[in-house]
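The values are calculated or read from the model by the stated rules, or taken from the named source; none is laboratory data. What you see is a predicted model; the values in this text were computed from it and never measured. We place every Cβ from the backbone using ideal geometry, glycine too, and count neighbours over all the protein chains shown.
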Amino acid sequence: MIDTYKVIANAYNAGVSEQFKIPENMTGQGETKVLNTDSIDVWFDMQGEQVESIKIDCFVEGDHHFDEVFIGFESGLKISSRIFFDAYQELLNTDSNHTTGETNGFRVDYMRENGHVFATFNRSTTL
């Protein structure tokens, strides 16, 4: 589990512009869409109020809105690291379709598929 929805939403919303804020409260089972814009969707894998993972779907590779949303979660979860940035840059600047950054108790998997870039936050499984 990453944290409760409310804790994540409050921390994330404090760092993003109005257009990317997510609802303050939500519960759900399985994949639940929490943000729907013209360029980005965000999904939480939820078990009631608990968030198991966070998935960002950016519709245009390299879109600057991705940075705002990603940093909102990275800062809100207090896991900011150059390792995540470097993994993202590797995805954008190589032919790779998957890269991973892992640090601060979290793993972020980046994937490129059909012109979309996905970033998925999970708790790290390594100590």
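Tabulated data
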{"quantity": "Test for Asn114: is it on the phi > 0 side of the Ramachandran plot, modelled with pLDDT under 95, among the polar types (S, T, N, Q) and surrounded by fewer than 15 Cβ atoms within 10 Å (Cβ to Cβ)", "calculated": "yes"}
{"quantity": "From the options Phe20, Phe84, residue that is over 20 Å from Asn122 (Cβ atoms), aromatic (Phe, Trp, Tyr), under 14 Å from the mean Cα position of the chain (by Cα) and surrounded by 15 or more Cβ atoms within 10 Å (Cβ to Cβ)", "calculated": "Phe20"}
{"quantity": "Odd one out for Asp63 among (1) in contact with a Ser or Thr (Cβ under 8 Å, 6 or more places away or on another chain); (2) under 21 Å from Glu102 (Cβ atoms); (3) among the charged types (D, E, K, R)", "calculated": "(2)"}
{"quantity": "Region 1-12: number of residues that are crowded, with 16+ Cβ neighbours inside 10 Å and either within 13 Å of the chain's Cα centre (by Cα) or aliphatic (A, V, I, L, M) (or both)", "calculated": "5"}
{"quantity": "Among (1) touching a helix residue (DSSP H, G or I) at 6+ places or on another chain (Cβ under 7 Å); (2) on the phi > 0 side of the Ramachandran plot - the single one Lys78 does not satisfy", "calculated": "(1)"}
{"quantity": "Those residues of region 72-113 which are outside any helix (DSSP H, G or I) and either closer than 18 Å to Ile40 by Cα or of a type in the set (Lys, Arg) (or both), in sequence order", "calculated": "Lys78, Arg107, Val108, Asp109, Tyr110, Met111, Arg112, Glu113"}
{"quantity": "Region 59-77, residues that are of a type in the set (D, E, K, R), under 20 Å from Ala14 (Cα atoms) and surrounded by fewer than 18 Cβ atoms within 10 Å (Cβ to Cβ)", "calculated": "Asp67, Glu68"}
{"quantity": "Verdict on Ile56 being in a strand (DSSP E or B) and either touching a residue at least 24 places away in the same chain (Cβ under 8 Å) or surrounded by 20 or more Cβ atoms within 10 Å (Cβ to Cβ) (or both)", "calculated": "yes"}
{"quantity": "Residue check for Gly30: small (Gly, Ala, Ser), closer than 20 Å to Asn122 by Cα and either modelled with pLDDT under 95 or surrounded by fewer than 19 Cβ atoms within 10 Å (Cβ to Cβ) (or both)", "calculated": "yes"}
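Quick grid of which residues meet (1) under 28 Å from Asn97 (Cβ atoms); (2) modelled with pLDDT under 95; (3) β-branched (Val, Ile, Thr); (4) in a loop (DSSP other than H, G, I, E, B):
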residue: Ile8; (1), (2), (3), (4): yes, no, yes, no
residue: Tyr12; (1), (2), (3), (4): yes, no, no, no
residue: Asn25; (1), (2), (3), (4): no, yes, no, yes
residue: Phe44; (1), (2), (3), (4): yes, no, no, no
residue: Glu52; (1), (2), (3), (4): yes, no, no, no
